[in-house]
Amino acid sequence: MKAIRLIMQAANDPCRALDREEVLASAFRDFVQRTLAAGWNEPEVALTLADIADDYVMALARRVAVN
């Protein structure tokens with residue numbers, strides 16, 4: 001598994017969003033390939049990851065609403 005590159009830009013740097021997408025997409029592709037190699041099929045991996053992402057977004061929204 002590849003290491004995730006450190007953030008090099010300030011929070012207001014316009015390149016930060018591009019770097020974030022590149023870093024996360026690379027880690028995501030690596031993770032998906034590992035799950036497929038372990039025998040899971042692509043549709044179940046995709047649907048489960050979407051469910052997990054949705055759960056994460058909802059939990060984050062609840063935390064933000066409390067603060």
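The table below lists the values:
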quantity: When the chain is reduced to its Cα atoms, the Kirkwood hydrodynamic radius in Å; calculated: 14.2
quantity: Helical contribution to [θ] at 222 nm, DSSP H n ≥ 4, -39,500 (n - 2.57), averaged over the chain, rounded to 500; calculated: -25500 deg cm²/dmol
quantity: Lys, Arg +1 and Asp, Glu -1 on Cβ, resulting dipole of the chain about Cα centre, debye, nearest 20; calculated: 280
quantity: Residues Asp19 and Leu47, FRET efficiency given R0 of 30 Å [Cβ-Cβ distance, rounded to 0.05]; calculated: 0.60
quantity: Surface per residue (accessible, 1.4 Å probe) for the chain, Å²; calculated: 88
quantity: Selection from Val45, Leu6, Ala61, by position along the positive dipole direction of the chain (Cβ); calculated: Leu6
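The values are calculated or read from the model by the stated rules, or taken from the named source; none is laboratory data. Source: prediction; values computed, not measured. So basically every Cβ, Gly included, is an ideal-geometry build from the backbone, and we count neighbours across all protein chains shown. Accessible surface is based on the protein model in full, side chains and every heavy atom, while ligands, DNA and RNA are left aside. Shrake-Rupley method; radii C 1.70, N 1.55, O 1.52, S 1.80 Å.
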